[in-house]
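Reading through the structure tokens given below for one structure.
Since every read-out is calculated from the coordinates, none of them should be taken as a lab result. Since we're looking at a predicted model, the values are computed, not measured. Positions of Cβ are generated from backbone atoms using ideal geometry, with glycine treated the same way; all protein chains shown enter the neighbour counts.
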Amino acid sequence: MENFPAFSPGALARLEEIKKKYPPGRAALMPALHVAQEDFGWLKPEALKAVAEYLELPEMTVRSTATFYSMYRHKKTGRNVIRLCTNVSCLVLGARTLKGILEGLYGLAPGNTSPDNRFSLEIADCIGACGSGPAMLVNDDLHTGLDAKKVIEVLENYK
Amino acid sequence: MISITINGRKIELEGPVTILEAARKNGIEIPTLCSHPALELWGGCRMCLVEIEKMPRLQTSCTVTAADGMTVYTETPRVVAARKAMLEFLLINHPLQCPTCDKAGECALQDLTVRYGAVAGRFEEGKRTFPENVDDPIIVRNMERCIMCTRCVRMCDSVQGASAIGVVGRGARSHVEPFSGGRYNCEYCGNCLNVCPVGAIMSRLHRYTYRPWQMDKAVKTVCSFCGVGCTMLLEVRGDAIQKVSPAFGKGVNNGLLCGRGMFGYGYVGSPERLKTPLVRKNGKLEPASWDETLAFAASRLLEIKNRHGGRAIGGMAGSRCTNEDNYVFQKFLRAGFGSNNIDSVARLGLLHAQGLLEGLFGQGAAANVITGIAGSDAVLTVACDPAQTNPVMGLQVRAAAKAGRKVVTIGHARGLRRHRTHSLPTVFGAEGVALAGLLKELLRMKKDSLPGENLELEAAIKEFKLPEPEETERLTGVPRAAISDAAAALKDVSTSSIIAGRELAASMDARRNFMLLAAIGYIINARFFLISERPNEQGLIDMGCAPDLLPGGRPVSLHTFRESYEREWGVKLNPEPGLTLMEMFEQAGDAVRAMYIMGENPAFNLPGGKKIMEALEKLDFLVVQDIFMTETASLADVVLPSKAWPEKEGTYTNLEKRIQKLDRALEKNGETAKEDWKILAGIGKHAGLNNMPYAASSDIIDELARVSPLHAGLRLKDLEQEGMMWPYKGKPLGMGGHVPLLPPMRTMAKAMTTDAQMPGPGPAVEITGVVLEIEKPLFHSGTLSRHSGALLDIVGGPEAKMSPETGKKLGITEGGKVKISTANGEMVLKAKIEKGLPAGVVFAGNNFREAGALGLFGYELEPESKTPVPMVKDLEITPL
Amino acid sequence: MTRYLLDVENPNLDGYEKAGGYQGLARALSMEPALIIEEVKKSGLRGRGGAGFPTGMKWTFAAGDPKFPKYIICNADEGEPGTFKDKAILEKNPHILIEGMAVAARALKAELGYIYLRGEYPKGKDILQAALKEARGKGYLGENIMGSGMRFDIHVHLGAGAYICGEETALINSLEGKRGQPRLKPPFPVNSGLWGRPTMVNNVETLANLPFIMRAGAAQYVKIGDPGCPGNKLFPVSGHVEKPGLYELPMGTTLREIIYGQAGGIKNGKRLKAVIPGGISAPVLPPDAIDCPMDFVSVQKQGSMLGSGGVMVFDNDTCIVRVAHRALEFFERESCGKCTPCREGTSWLRAILERIETRQGREGDLQLLEDVSRNIAGNTFCPLGDGAASAVLGFLRHFREEFEEHIKNGCPFGPDDHTRTVIAR
């Protein structure tokens, strides 16, 4: 068994599990990228190289696939990632106002990280909460029915 | 028969093809951008939309297969409107840099805009911008110009199998990049820029130096770097090669090229080219006139012949010289001086390998078509890395892997590391043992069900005493299960290809290695391919540049064969085979007093470097013909500047034994140099030889066709298109069903009784667990590439490469200096630590001046063929 | 009214079994695969992912291909804005999906299935994994399902944010670890899909219909809803209604019933201005179209499409230009980039709409919007670009004056924060 020092032992164990579920080669790439993203924080070149080495894929194959999907992050993010939905159903219920609040309060522009490294903001295209919008995901947690007051309350729980 | 109608014209089709192909075959032009004959269907650019009756939407003609009864219209107002719309979409973000873009004039987007009319500029939003990227020394990327046809990426992925570039991002923001975003880490095949329809990916080699319409001509010729013999176009302006272009649809390579072929042409125009003849005067090489020099060389050679006999003269023919040059070379020595001391680099392995195979299966055993490899059920490579040494043949193996065929590699084939199903990474030199292990497993699995076509051979195979699996494992370092798996993968294939490297023949166990290879090949119904590192290495053999063979592979010792040559040349020939290559050097100053070396650099390119230098110095007289002042030339008494590959006409024979025609591309470049054959004929004339009255190289082919039974009836004009495959129109050496090597094979089979007789690790001697190996890199091959600026930009200097584990073991770090010393000498190289290299091996190349690792090797001669087997003694590798 | 899709108390296996869960699979296991397909054909079930293709027919194609192994893929890449129906099934009733997939596997003799779950539903993944574990524990999945000797298991594959992966060939590419761009058809996935094998891709809601069909029989099923297109449909309702949420109603229920009868009418006593009937790709409809029954054929007759059934309701204070602009931001961002008209056209449309929303519209812009949309429509590689074009054309068809007003005088509803920022810039 080769050594993959780039990954943490926990990540390596998860990668081994993933490998069992897919045929050899490229198929395990997306789940492996999810693991690498968690392990490295974002998909920095070292992370992509580590995935390439682990799955025995060309580095460019890994990078090309990784940059297709919007949830893989290609720059360093803050401790918490906010994915605010501003698509039509949320838009008409005031999502743009929330965006303005995040910008004013935390210095968060879409695609950027707050100066204190606490939050990163990404604009989402529908997170399946149209029936209770405006909505956002903070990391893996879904928050719905947001308004100016609630969005601040919610974010205060993420340090 | 499929019958369709395009624009009212009835078209009959033999088989199912796309509408686009059907149209093009019938002269109906449908514009495309993303489709390319070398690539799989894509359907992205939407330029080739056509109207098909009964289909409401317009259809992309490049993806729709023509069905019987289809009615297609390719230029209706609706179609034209759609195409204009697609062009408008493509142009909204395309910068209008045509006045400065190198592609202007051969840009598909520009041509289509002219054809369908420019659109009014309705797009007033800001164009997408990307800065031009010139981080790479060879390739410049201009992603603003990219139209996302992805031909480059598909080429790199599917055809080249390198996956070095890819699309980054999504939608309107997507663009093409290598992993680093800047410099490429790739094979530099150049196929990406060759298929780019616009000016998004281009070569920096000829940047801003001309406009495409200013090109004087494009000359179709054959590459000068390796034995594959790729067809290419030399684009010439001002009597200089401006660029090399692919000839898609033509040649064994079907338009694909490798880095050397694509970017390595720079040496031709190098200012270091030899320009005038040089004669050693008072210990110094001084310029002299042609006439004076030729006369001087003739008189010295005659003198030596008269004093010591013709056999005191030896010759080394040129693997980069044409068949014509080499034919004249051996005739010059044989007919002019009565010497059979003629040999070449084919002695390093190819000649013996071919002899062994032909001894078992008859002449032409390795004359197989390269393009058949991709279609084999299985490919087995042994002791070679075709993707590095014969890169375009390597692509065939990659294509086989991509098509889901079995690919088994024995030894280290890094170029196939992602393109194989089974890897048997033996320790160096133990590839033959792996063959024995593989054969044992195959026989076990097949039980007695061998093909039954050659019972005598089968009997011999069954008599082999093969090592037990645990013994094989011990000697090769390859787990027995891996060998067993490989055998299982191979056992039931119906067609296969075997590619073998010359190291298998440059071995004390060469005969056994090839017996085993032949046995396996017989069982898996293989076609054989022998790696050939030089463009005309095969031609050397076929032109009689061997001490025992006349042109056409006829033994010089047999009167029946000798006779026709004697008649044509008008002299009696010496029936006794001459000295082989290494023997000539070993007997220099003794039995051999003079040597004539044509286009080769033995002081650098043979094992035993120091010894070879000493041997050359011992000679009474040394003539060297070359295009550069090589290590060998600098020791010569007479140096004769010869013309380079694009400056002359002639033919090469590639590793398939296909004879292909070179066309002269340059007229004035190398003007003061002469064709090799002309130089020989000139000296011959001064020496009083009147049987070389050639006016042109075609006269030589005509003579060859008269005299060599194999080449009987060969005419230059037969070679115009695809060249000609063995056995041409001639007669191969008949075996009459007799396989001369079979009896010795049976003897050997019986003698292989103990495992101790199996070869152990070698040829490099193991010292402190680390061995030295010669690297055969993709970007350099001997001495020409070090005069090619582009190749030097890719890999600029010599390196000692090793795996991280090996580096650790030796205390060597990346970029540090490494001293390698052996009984033969020492050198200092920069260390390069590379993952994926086999542990316990340090690789050094033989490409750069003062850093030829082959010179660190000694050698021993394999007794039967006198093939030098490289050996390392007293190896020490230490960090500095 | 029969409700069978979300009619469970909790997502656990117990709850599902109490509601009749896995009885459909039990029946399927007693039937020949060909008869299961026959039954599904008789049920008239049409795909719930958006295209409405008859499920039984699609199965026949896959079953007819002699190659094995075959794969079942559940398309849970619910990305259509305005849609949250599959998410509800996954999170509230995961076993109905597992049972549906097992039925499909039995019919098609598949041994492995994948659920392609969109990356934005991480909680769904945990719930599914738990449910799969329960199902394996009880022998509803695994080596010997319910003692029948049938073998079938399911893996969950998490996407990573790409709307296009809802298109089945893009989904397959993505599952293979590639960029999620659509493939050429033919070959169709039913013949050459995942790793070149015959592959059945069905939407979550489609698969969730199967347990009921198998349990109650096709004859019962066809009695629900529209005879031409039977069964229940999940309607996610969002926007300006009093009770937004998910409604399970018979196919063919009218928009009026959905908006006013079920969702409580327009919020805060305002008037209905516009409704998008089937997710953002479906062209907008004006208020006078709301008596339209929500089935594939009727909605199409109105010039829109049933799509995902995601009903997006807008009141009279909604700026349609803003909605259109945001919709095109979405299409631009989600265009995969493979074909010219979608890649270049969506970004062009977005740029024009952005100008109009931010008071930089020009005369001729509406003509240009129409031209660009028409140049996209019908010329793209897959339906994504068509969706963008028809969305724009829909907005222009019914609300042209509002666009003209924007160009002349700016937004009559007052700019929102975003518009202010852009104008200030």
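Anything over 25 Å Cα to Cα? Flag those among B:Lys809/B:Lys873; A:Lys20/C:Lys109; B:Lys25/B:Lys220; B:Lys250/B:Lys729; A:Lys76/B:Lys127, in the order listed.
A:Lys76/B:Lys127
Suppose each label sits 7 Å from its Cα in the direction of the beta carbon; what would the C:Asp14-A:Lys49 distance come out to in nanometres?
Between C:Asp14 and A:Lys49, the simple spin-label model gives 5.3 nm.
Once Lys and Arg get +1 and Asp and Glu get -1 on their Cβ, which of C:Gly147, C:Pro187, C:Gly278 lies farthest toward the positive end of the dipole of chain C?
Projecting each Cα onto the dipole axis, the largest value belongs to C:Gly147.
If each residue's Cβ is checked for other Cβ atoms within 10 Å, how do B:Trp645, B:Trp42, B:Trp569 rank with the fewest at the top?
Listing B:Trp645, B:Trp42, B:Trp569 from fewest to most nearby Cβ atoms yields B:Trp569, B:Trp42, B:Trp645.
Work out the length of the dipole vector of chain A about its Cα centre, built from +1 on the beta-carbon of each Lys and Arg and -1 on the beta-carbon of each Asp and Glu, and round it to the nearest 20 debye.
In debye, rounded to 20, chain A gives about 220.
Give the distance, in whole Å, between the Cα centre of segment B:71-107 and the Cα centre of segment A:83-159.
42
Using Cα positions and a limit of under 21 Å, work out the lysines in reach of C:Lys223, with same-chain residues fewer than 8 apart set aside.
C:Lys41, C:Lys42, C:Lys233
Under a plain spin-label model, where a point goes 7 Å from the Cα along Cα-to-Cβ, how far apart in nm are C:Thr2 and B:Arg444?
Reported label-point gap for C:Thr2 and B:Arg444 is 6.2 nm.
If you take the square roots of the eigenvalues of the alpha-carbon gyration tensor of segment C:54-124 and sort them as a ≥ b ≥ c, do you get rounded (a/c under 1.5), prolate (a/b over b/c) or oblate?
prolate
Each residue of segment B:713-728 in turn: what ³J(HN,Hα) in whole Hz from Karplus with 6.51, -1.76, 1.60 and θ = phi - 60°, glycine and Pro shown as x?
Working through the residues one at a time gives x, 5, 10, 3, 6, 5, 8, 3, 7, 10, x, 9, 8, 3, x, 6 Hz.
Would you kindly state how much longer the chain becomes between B:Glu850 and B:Thr76 on full extension, computed as 0.36 nm times their sequence separation minus their alpha carbon distance, in nm to one decimal?
271.9 nm
Under the definition of Cα pairs under 8 Å and six or more residues apart, what whole-number percent is the relative contact order of segment C:233-315?
Across segment C:233-315, relative contact order equals 36 percent.
To one decimal place, what Kirkwood hydrodynamic radius in Å is obtained for the protein assembly as shown from all pairs of distinct Cα atoms?
Hydrodynamic radius (Kirkwood, Cα pairs) of the protein assembly as shown is 35.8 Å.
Compute the helix-to-body angle for C:94-108: its Cα long axis versus the longest principal axis of chain C, expressed 0 to 90° and rounded to tens.
70
May I ask you to list the lysines whose Cα is less than 16 Å away from that of C:Lys243, ignoring any residue fewer than eight positions away on the same chain?
Correct list for C:Lys243: C:Lys85, C:Lys267, C:Lys270.
Is the C-alpha gyration tensor of segment B:2-92 telling us rounded, prolate or oblate? Criteria: a/c under 1.5 is rounded; beyond that, a/b larger than b/c is prolate, otherwise oblate.
Cα axes put segment B:2-92 in the oblate bin.
Of all beta bridges DSSP finds with both residues in chain B, what is the antiparallel percent, to the nearest 5?
55
What percent of all Cα-Cα pairs in chain B falls into each 20 Å bin, going from 0 up to the bin containing the maximum distance?
Bins of 20 Å from zero give 14, 44, 33, 9, 0 percent of pairs.
As an exercise, use a Förster radius of 25 Å and the Cβ-Cβ distance of B:Val571 and B:Gln721 to find the FRET efficiency, rounded to the nearest 0.05.
Working from the Cβ atoms, E equals 0.10.
Based on Cβ point charges of +1 for Lys and Arg and -1 for Asp and Glu, what charge dipole magnitude is obtained for the protein assembly as shown about its Cα centre, in debye rounded to the nearest 20?
The dipole of the protein assembly as shown has a size of about 1140 debye.
Could you work out how far the C-alpha centroid of segment C:199-277 sits from that of segment B:25-43, in angstrom?
Here the two parts' Cα centres lie 46 Å apart.
With just the Cα atoms defining each centre, how far is segment B:330-397 from segment C:118-142? Give it in Å.
Computed from Cα coordinates, the inter-centre distance equals 59 Å.
With everything on Cα atoms, drop me the angle between helix B:742-751 and the longest principal axis of chain B, reported from 0 to 90° to the nearest 10.
80
Is the shape of segment B:296-445 rounded, prolate or oblate, going by the alpha carbon gyration tensor and its root eigenvalues a ≥ b ≥ c, with a/c under 1.5 for rounded and a/b larger than b/c for prolate?
prolate
For chain B, what is the charge dipole size about the Cα centre, in debye to the nearest 20, if Lys and Arg each add +1 at the Cβ and Asp and Glu each add -1 at the Cβ?
Here the size comes out at about 1540 debye.
What FRET efficiency comes out for C:Trp195 versus B:Lys830 if R0 is 45 angstrom and r is the Cβ-Cβ distance? Round to the nearest 0.05.
With R0 = 45 Å, the Cβ-Cβ based efficiency is 0.50.
Name the residue from A:Thr67, B:Leu619, B:Ile241 whose Cα lies farthest towards the positive end of the charge dipole of the protein assembly as shown, charges +1 on Cβ of Lys and Arg and -1 on Cβ of Asp and Glu.
Checking the options against the dipole of the protein assembly as shown, the answer is A:Thr67.
Nearest 500 deg cm²/dmol is fine: what mean residue ellipticity at 222 nm does the protein assembly as shown get from its DSSP H runs of n ≥ 4 alone, each adding -39,500 (n - 2.57), divided by its residue count?
One gets -10000 deg cm²/dmol as the mean residue ellipticity at 222 nm.
Report the one residue of B:Gly126, A:Ala148, C:Gly228 whose Cα lies farthest in the direction of the positive end of the charge dipole of the protein assembly as shown (charges on C-beta: Lys and Arg +1, Asp and Glu -1; origin at the Cα centre).
C:Gly228
Which value, in nm² and rounded to one decimal, describes the direction-averaged projected area of the C-alpha convex hull of segment A:9-66?
Over every viewing direction, the Cα hull of segment A:9-66 projects on average to 3.3 nm².
So, in nm, how far is label B:Ser3 from label B:Asp135 when the simple model puts each one 7 Å beyond its Cα toward the Cβ?
Rounded to a tenth, the inter-label distance reads 5.9 nm.
So if each residue of separation counts as 0.36 nm, and I subtract the Cα-Cα distance between B:Glu805 and B:Thr65, what length gain in nm does that give?
261.0 nm
Cross-link list B:Lys462/B:Lys491; B:Lys446/B:Lys731; A:Lys99/A:Lys159; B:Lys305/B:Lys685: which exceed 27 angstrom alpha carbon to alpha carbon?
Going by Cα-Cα distance, B:Lys446/B:Lys731 fall outside the 27 Å limit.
Taking Cα atoms of segment B:121-269, Rg/Rh with Kirkwood Rh, to two decimals?
In segment B:121-269, Rg relative to Rh is 0.99.
So how many Lys-Lys pairs in segment B:631-675 land under 17 Å Cα to Cα, not counting same-chain pairs under 8 apart?
The result is 6.
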